[in-house]
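Notes for the one structure printed next.
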């Protein structure tokens with residue numbers, strides 16, 4: 001039943017109106033404007049019948065106050081009057097009245113007009129409800145889109161995971177402490193969620209840069225506030241979102257950007273998000289600092305009061321930190337359970353949590369190498385830089401799978417993948433106890449040891465890696481010729497940053513390879529150390545099996561250049577003593593453009609040529625890589641008449657293996673037997 005309120009100072013008029021309507025409606029009556037205004041603050045009404053001439057507030061004054069109050073603004077009003085003044089009717093209609101009923105009352109006219117107004121109001125409310133429903137749906141679609149973008153923005157920086165959600169929580173907690181209304185708290189929650197949206201326009205290389213930004217890079221970074229404001233300027237359902245995006249880096253003393261506003265010139269919403277933003281940064285581990293303690297956060301807020309932050313907000317936040325209520329209030333704000341927002345927003349909040357979980361999963365996968373499941377190079381760099389500040393002594397291992405290209409070429413990429421996974425599994429198991437393992441790319445891995453281990457312990461660890469891989473490959477033909485080379489750098493002796501440790505370990509790895517592979521080398525020791533083999537019957541048996549697997553393979557005996565020099569001297573002595581013949585070949589890789597496109601392309605092609613040499617020669621021939629583009633070969637007990645056939649076999653094999661058609665091979669040869677006779 002509709003509820004109708006009658007307001008008239010004349011008791012007779014109230015009695016007549018009640019008798020006309022009481023059979024169809026619930027009637028409540030008052031004889032003054034103040035009485036009805038007080039009643040409506042806590043009670044609903046579907047229609048008000050309002051007399052014009054009353055003592056105290058007249059009908060026009062009461063109508064004006066009804067329309068100003070959000071609780072009563074939409075209640076339809078019919079004015080009761082004995083006047084026939086057209087100007088008065090016009091004034092009431094402009095003030096918000098729906099209709100007039102003149103005195104004396106005609107029951108049929110009263111019922112007809114009231115019924116029509118109530119029906120129209122019901123239709124209007126229904127239309128408004130449907131419009132609100134559509135508006136909420138549109139708002140949710142837009143908010144979901146912006147939340148997705150906010151997650152993408154946070155994902156651009158591995159060390160700002162969930163940053164926007166955290167800022168939204170803290171901002172809402174501060175707003176609640178200030179006594180803001182529910183809708184206002186909701187608005188600042190969404191504004192905090194979207195505050196960094198402009199960073200979508202900032203290149204990843206700038207956001208993820210470890211060192212200081214150049215002035216040009218800072219200009220790009222600072223521009224994210226203007227970009228964010230432009231993106232949000234038409235998002236009217238989140239009030240002040242564009243202002244928060246634009247001004248959240250303004251400082252209270254006027255030294256911030258982009259406008260240099262100070263004090264109350266900065267919108268309060270932006271001041272709140274600014275301090276929430278700083279608090280989250282202090283609560284998180286970043287490349288440039290560790291997580292702050294509670295006392296350190298309070299000290300930083302005190303130091304920034306009046307300069308970076310609004311002093312009144314600093315006081316509120318510090319009090320909440322001291323009584324341990326800030327994090328609790330932030331989580332309550334995040335759930336939005338105490339904000340009266342309706343089912344649509346609730347479902348939107350559920351979507352936020354799904355997006356949050358999905359974002360974490362996507363980021364975790366993006367950090368890992370798809371083949372081996374180890375972390376990738378980019379994550380390794382960030383992880384190492386972050387943890388270097390937390391440990392006094394660390395070690396960085398660079399690990400290379402020797403002869404990996406040969407596995408792919410001889411046995412196919414499935415065998416190559418198998419070899420990489422074996423190394424990855426071994427390193428992953430090792431990392432459980434000591435640090436983190438990563439695949440740097442291709443056949444190169446790294447192991448970061450953040451435990452404080454002595455040099456003796458690191459020697460044992462490196463030796464155990466070599467021994468374990470040699471154990472794994474026993475009896476497996478596809479990886480029998482592979483081995484590991486390891487370079488080790490120490491912090492602080494060899495560097496205090498990722499790049500310094502990487503460079504040192506890479507140089508140590510080079511020394512290991514030069515030393516004959518299947519070795520490890522510390523950067524500051526300068527020479528490779530072979531794995532220690534315990535003199536037990538079991539280890540000797542394994543060693544014999546490994547030697548047999550290596551010795552009875554086809555192809556030339558490929559050795560590092562240092563070993564080649566010793567073998568060459570031995571061959572010369574054999575030629576002199578036994579009157580044997582031998583030929584020296586130099587194979588040089590050439591590009592028709594006079595230079596190679598990239599070091600990686602050159603390395604790929606020299607490996608193909610190396611493989612062609614190994615597969616084309618006999619077991620008693622010896623080959624080595626002489627330079628980055630040359631291979632040197634000694635053909636033992638070979639007559640000069642056979643050299644042309646050998647060279648052609650090498651060239652034909654290389655043609656079948658090479659990946660880049662423009663590369664050719666130049667050959668030079670010399671008879672060692674004849675040269676020795678001449679000398």
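Kindly evaluate residue 165 against the criterion of being crowded, with 21+ Cβ neighbours inside 10 Å, over 28 Å from residue 380 (Cβ atoms), in contact (Cβ under 8 Å) with a residue 40 or more places away in the chain and out of contact with any strand residue (DSSP E or B) (no Cβ under 6 Å at 6 or more places or on another chain). Against the criterion (crowded, with 21+ Cβ neighbours inside 10 Å, over 28 Å from residue 380 (Cβ atoms), in contact (Cβ under 8 Å) with a residue 40 or more places away in the chain and out of contact with any strand residue (DSSP E or B) (no Cβ under 6 Å at 6 or more places or on another chain)), residue 165 does not qualify.
Yes or no, residue by residue, for (1) under 13 Å from residue 393 (Cα atoms); (2) in a strand (DSSP E or B); (3) under 33 Å from the mean Cα position of the chain (by Cα):
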{"position": "446", "(1), (2), (3)": "no, yes, yes"}
{"position": "469", "(1), (2), (3)": "no, no, no"}
{"position": "472", "(1), (2), (3)": "no, no, no"}
{"position": "489", "(1), (2), (3)": "yes, yes, yes"}
{"position": "499", "(1), (2), (3)": "no, no, yes"}
{"position": "503", "(1), (2), (3)": "no, no, yes"}
{"position": "510", "(1), (2), (3)": "no, no, no"}
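Which of the residues belonging to the stretch 425-445 are within 17 Å of residue 470 (Cβ to Cβ) and either touching a helix residue (DSSP H, G or I) at 6+ places or on another chain (Cβ under 7 Å) or surrounded by fewer than 20 Cβ atoms within 10 Å (Cβ to Cβ) (or both)?
Residues of the stretch 425-445 within 17 Å of residue 470 (Cβ to Cβ): 425-427, 429-430, 443, 445.
Scanning the stretch 425-445 gives 425, 426, 429, 430, 443, 445.
One line per residue, one yes/no per condition, for (1) at pLDDT 95 or above; (2) assigned by TED's automatic domain parsing to the domain that holds residue 166; (3) touching a helix residue (DSSP H, G or I) at 6+ places or on another chain (Cβ under 8 Å); (4) part of a loop (DSSP other than H, G, I, E, B):
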site	(1), (2), (3), (4)
191	no, yes, yes, no
199	no, yes, yes, no
216	no, yes, no, no
238	no, yes, yes, yes
257	no, yes, yes, yes
284	no, yes, yes, yes
291	no, yes, yes, yes
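Scanning the stretch 29-42 for residues that are out of contact with any strand residue (DSSP E or B) (no Cβ under 7 Å at 6 or more places or on another chain), in contact (Cβ under 8 Å) with a residue 24 or more places away in the chain and not in a helix (DSSP H, G or I) yields 31, 32, 41. For the stretch 446-457, what are the residues that are over 13 Å from residue 400 (Cα atoms) and touching a helix residue (DSSP H, G or I) at 6+ places or on another chain (Cβ under 8 Å)? Within the stretch 446-457, 448, 449, 450, 451, 453 meet the criteria. Entry remark, the stretch 612-642: residues being at pLDDT 85 or above and assigned to a helix (DSSP H, G or I) number 2 in total. The set of residues from the stretch 58-81 being closer than 21 Å to residue 27 by Cβ and not in a strand (DSSP E or B) comprises 59, 62, 63, 66, 71, 72, 74, 75, 76. Residues of the stretch 644-665 that are at pLDDT below 85 and farther than 19 Å from residue 408 by Cα: 661, 662, 663. Kindly evaluate residue 313 against the criterion of being part of a helix (DSSP H, G or I), at pLDDT 50 or above, surrounded by fewer than 16 Cβ atoms within 10 Å (Cβ to Cβ) and in the same structural domain as residue 252 (by TED's automatic domain parsing). No.
Go through the stretch 92-129 and count every residue that is surrounded by 14 or more Cβ atoms within 10 Å (Cβ to Cβ), in the same structural domain as residue 20 (by TED's automatic domain parsing) and assigned to a helix (DSSP H, G or I). Residues in the stretch 92-129 being surrounded by 14 or more Cβ atoms within 10 Å (Cβ to Cβ), in the same structural domain as residue 20 (by TED's automatic domain parsing) and assigned to a helix (DSSP H, G or I): 2 in total. So which residues in the stretch 17-46 are crowded, with 18+ Cβ neighbours inside 10 Å and closer than 17 Å to residue 102 by Cα, if there are any at all? Once the filter is applied, which keeps residues that are crowded, with 18+ Cβ neighbours inside 10 Å and closer than 17 Å to residue 102 by Cα, the stretch 17-46 yields 17, 20, 21. For residue 521, the conditions (1) assigned to a helix (DSSP H, G or I); (2) under 17 Å from residue 401 (Cα atoms) are fulfilled apart from (1).
The values are calculated or read from the model by the stated rules, or taken from the named source; none is laboratory data. Please read all numbers here as calculations on a predicted model, not as lab measurements. Note that we place each Cβ from the backbone using ideal geometry, even for glycine, and neighbour counts take in every protein chain shown.
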